[in-house]
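Peer 1: The structure under discussion is supplied below as structure tokens; questions concerning it will follow.
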Amino acid sequence: MEISPARRVGRILELLRNDAAKTQAEVAREAHCDHTYISHIEKGNKGAHIETVRAIGRALGHEKAVEEIWGFAGIAETPATAELLADYETEAVRISTWTTTVFHALLQTEQYARAVIRTALPFSSDNTVNELVAKRMDRQGVFARRQPPSLWSVVDESVFYRTHGADNVVMRDQLAHLEEESHRPGVCVQVVPFGAARNPGGVEGMLGIVDFSDRTPVWYSDAWSAGKLSDDQDEVPKYTRYFDCIRAAALSPADSTEFIARVRMERYE
């Protein structure tokens, strides 16, 4: 059986922890995270921000070595990336996203999310789909924080016509929800129309950037079975500029809200 790079790195971290004669709970306490988080990392099924990795390394007495081997963990699989993004969103001060096939998870209704997940995972059981839908809805709890993150969601026009198997009622409710969320303080929704000026998003696809108050931002992209997520200090500014180019090609927030309402009424009512 092939062992993934993430699992192998996790095994090395486990060996270092045992060599340091520390429990997962002790490492977690020193690294200021939950002990279950350490368990997930050692099993290779969850990623971590580089600052958390360094904190774990310090707890193990091998900060530089742990930081170095972490680079071999590779790209996290989609479920782990989704979980990691959910963790980041709970600590974010700003979330910027560009989507080309679906509305962002933080702006999805439950029924729309179900249609999207069912389309993406046609061979999964109903229990698996239900679990993933519940997790997606839980992510939206970030808006209930005392100081919720701001969300800047830029959406390609084609997303409004991709139903992913959802009927008109589901799409109508999704667009109505999008309109409502666009009026929420701290939430900005913009649409890039088909006739917009050239922008890198039309070629490269989905992009997200998560900013924090006390550490390096992360950027991420998505693909069929895996996503890429990085906090490389040389990469984040580059992808932030890409997002700025995409945003500049979009309709204004007010015009975007009018566009959403028009599509909802003309196509799905």
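Peer 1: Only residues in segment 6-22 that are more than 13 Å from residue 66 (Cβ to Cβ) and among the hydrophobic types (A, V, I, L, M, F, W, C) count as the first member; pair them with residues that are modelled with pLDDT under 90 and buried (at least 19 other Cβ atoms within 10 Å of the Cβ), Cβ under 6 angstrom, at least 6 apart or cross-chain, and list the lot.
Peer 2: 6/44; 6/73
Peer 1: Next up: Suppose we keep only residues that are over 17 Å from residue 152 (Cβ atoms), assigned to a helix (DSSP H, G or I) and of a type in the set (A, V, I, L, M, F, W, C) within segment 165-208. Which one would you say is farthest from the chain's Cα centre (by Cα)?
Peer 2: The residue in question is 169.
Peer 1: Against the condition without any contact (Cβ under 8 Å) to a residue 40 or more places away in the chain and hydrophobic (A, V, I, L, M, F, W, C), how does residue 194 come out, does it pass? Please lay out each step first, then the result.
Peer 2: Values: without any contact (Cβ under 8 Å) to a residue 40 or more places away in the chain: yes; hydrophobic (A, V, I, L, M, F, W, C): yes.
Against the criterion (without any contact (Cβ under 8 Å) to a residue 40 or more places away in the chain and hydrophobic (A, V, I, L, M, F, W, C)), residue 194 qualifies.
Peer 1: While we're here: Working carefully through the options 158, 150, find the one that is of a type outside the set (A, V, I, L, M), touching a Gly at 6+ places or on another chain (Cβ under 6 Å) and modelled with pLDDT of 95 or more.
Peer 2: Step by step, each of 158, 150 is checked, and only 150 is of a type outside the set (A, V, I, L, M), touching a Gly at 6+ places or on another chain (Cβ under 6 Å) and modelled with pLDDT of 95 or more.
Peer 1: Follow-up question, since we're still on this one. For residue 58, work out the one condition from (1) at pLDDT below 90; (2) surrounded by fewer than 17 Cβ atoms within 10 Å (Cβ to Cβ); (3) basic (Lys, Arg) it doesn't fulfil.
Peer 2: (1)
Peer 1: Being more than 15 Å from residue 95 (Cα to Cα) and surrounded by 17 or more Cβ atoms within 10 Å (Cβ to Cβ): is that true of residue 249 here?
Peer 2: For residue 249, the condition - more than 15 Å from residue 95 (Cα to Cα) and surrounded by 17 or more Cβ atoms within 10 Å (Cβ to Cβ) - is met.
Peer 1: Among the residues of segment 220-231, is there at least one that is of a type in the set (Gly, Ala, Ser), at pLDDT below 95 and either in contact with a Phe, Trp or Tyr (Cβ under 7 Å, 6 or more places away or on another chain) or in the same structural domain as residue 52 (by TED's automatic domain parsing) (or both)?
Peer 2: yes
Peer 1: Sticking with this one: Return the residues of segment 41-60 that are free of Cβ contacts under 8 Å to residues at least 40 places away in the same chain and assigned to a helix (DSSP H, G or I); say none if nothing qualifies.
Peer 2: Result: 41, 42, 43, 52, 53, 54, 55, 57, 58, 59.
Peer 1: Those residues that are of a type in the set (A, V, I, L, M) and closer than 20 Å to residue 229 by Cβ, I need them from segment 3-61; list them, please.
Peer 2: Once the filter is applied, which keeps residues that are of a type in the set (A, V, I, L, M) and closer than 20 Å to residue 229 by Cβ, segment 3-61 yields 6, 9, 13, 31, 38, 41, 48, 50, 53, 55, 56.
Peer 1: If you don't mind, there's one more thing I want to ask. State which residue is surrounded by the fewest Cβ atoms within 10 Å (Cβ to Cβ) when the search covers only segment 148-163 and only residues that are within 20 Å of the chain's Cα centre (by Cα) and in a loop (DSSP other than H, G, I, E, B).
Peer 2: Filtering segment 148-163 for residues that are within 20 Å of the chain's Cα centre (by Cα) and in a loop (DSSP other than H, G, I, E, B), the one surrounded by the fewest Cβ atoms within 10 Å (Cβ to Cβ) comes out as 148.
Peer 1: Let me ask something else. Restricted to segment 106-124, and to residues that are of a type in the set (Gly, Ala, Ser) and at pLDDT below 95, which residue is nearest to residue 160 (Cα to Cα)?
Peer 2: Within segment 106-124, the match that is nearest to residue 160 (Cα to Cα) is 120.
Peer 1: Do we have any residue at all in segment 209-217 that's under 20 Å from residue 266 (Cα atoms) and either over 21 Å from the mean Cα position of the chain (by Cα) or assigned to a strand (DSSP E or B) (or both)?
Peer 2: Scanning segment 209-217, I find no residue that is under 20 Å from residue 266 (Cα atoms) and either over 21 Å from the mean Cα position of the chain (by Cα) or assigned to a strand (DSSP E or B) (or both), so the answer is no.
The values are calculated or read from the model by the stated rules, or taken from the named source; none is laboratory data. Keep in mind the model is a prediction, meaning the values are calculated, not measured. Every residue, glycine as well, gets a Cβ built from its backbone with ideal geometry; the counts of neighbours run over all protein chains shown.
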